[in-house]
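The values are calculated or read from the model by the stated rules, or taken from the named source; none is laboratory data. Just so it is clear, the model here is predicted, and its values are computed rather than measured. Here the Cβ positions follow ideal geometry from the backbone for every residue, glycine too, while neighbour counts run over all protein chains shown. The accessibility values were calculated without ligands, DNA or RNA, using every heavy atom of the protein model including side chains. Shrake-Rupley method; radii C 1.70, N 1.55, O 1.52, S 1.80 Å.
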Amino acid sequence: MYFEKTAGFPDDFLWGSASAAYQIEGADREDGKGISNWDEFVKIPGKTFKGTTGAVAVDFYHHYKEDIARMAEMGLKTYRFSIAWTRIYPQGNGKVNEAGLAFYDNVINECLKYGIEPMVTIYHWDMPQALEEAYHGWENPQIIEDFVTYAVTLFERYGDRVKYWITMNEQNIFTSMGWMEGLHPPGKTDQLKLFYQVNHHANVAHARSVLELKKRFPHAMVGASFAFSPCYAIDCRPENAMAKEDFDDDLEKISRAITEKQNVEVADRDEAFQLFDPKLILCDVNAKRKEDVISRGCQLLYEKGYVKKGFEKKIWEREKTTPTSIGNSIAVPHGYKTYVKKSGIVVMRLKRPMNWTYEDRIEIVFLMAIDFNTQSEVYNFFQQFYAFIDDRSNIKALKNARDEMEIWEILQQSGITA
């Protein structure tokens, strides 16, 4: 991708911040609020870091005036916040809770008082628990009617002051984490049919809500937010800025191919691997901190001759501006390749069964170095490897290994080869 000119950001560009009701409000049982799926899900041991909950959070419910005043001091032009469905309809449907409606009246008016544009997210993952128990929430088409009723209640109450609406936050996240990976409510894994079903219901609920909004406020701005993973150029040199744009274009092309086909062709996967050049995989079985993965991993790279002096310093410089969590993928931009002798670097995480705890997800990161010669070797290795870790006894063996050499021996004994 090449740019001839840019006009920069327009004067009316909405610089702002965003939050989610469950993550900030607290007051989880006050003024008639009902119970949400997250209120229940966080009670399951290991599902959140140190068992934390949103019962109090940062107590925005009692401190919204001072918080919004601070936003104004910061010069924010917009504040995107979500509305807790259970404050409006404590049981998900039926009787409306006036105290809940009044709270968001106050939040919206406080934003407008400071010239901050309110941007409302209708649903940020906190499904009323009553609907989960009544018909399994998003799994049942009844959710469409209840969602639209809830959305219309918000439109009619706040539409005279709210110009910007987001129907759902990151549908691709709450559906995949909820029905494929078990990390979000309802905590199910590998339920592909239900995954497609809940996405269908969410799509219809979104579409019908948009139509209802436009009936009442034709000029309202509305959409849904989606979760994308950005990449960043290593520095501001033109060649690296262009490499970042090319990467975005290619990744979007791969994503589109995946969403348009139920079964991704081998060629598409090979092309995806080509983007990351994954000839070396780094992780650490004993690491509980990202710092350990980087330090131990870089030391191994030095010993095996994969990188030149200065590579670890470059990784830490990146961490200051673009922090990564343990297990996230790192594609090596052009700037890093000055330090790489043999191959690109990728840090990756294992698939997680439903009953793994938070600590398991950190400790299961493993360490090995493999040099691939062709993309077909990469593809073949990952096919074998994912089949291997689908067996929990194999995961246990990896976790009990004394060092990276024993891990590599376990893999070799299982017949996994590049």
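Worth pointing out:
- With every protein chain in place, region 35-153: carbon and sulfur % of accessible area (1.4 Å): 55 percent
- Sorting the segments 129-135, 219-225 by their residues' average number of neighbouring beta-carbon atoms within 10 angstrom, most packed first, yields 129-135, 219-225.
- Residue pairs exceeding 26 angstrom between C-alpha atoms, taken from LYS77/LYS313; LYS43/LYS188; LYS50/LYS188; LYS313/LYS396: LYS77/LYS313; LYS313/LYS396.
- Restricting region 1-99 to chymotrypsin sites (Phe, Trp or Tyr not before Pro) in coil, as DSSP defines it, with at most 13 other Cβ within 10 Å: TYR2, PHE3, PHE13, TRP15
- Electrostatic tally near HIS201: other residues with Cβ closer than 12 Å to its Cβ, Lys and Arg +1, Asp and Glu -1, net -2.
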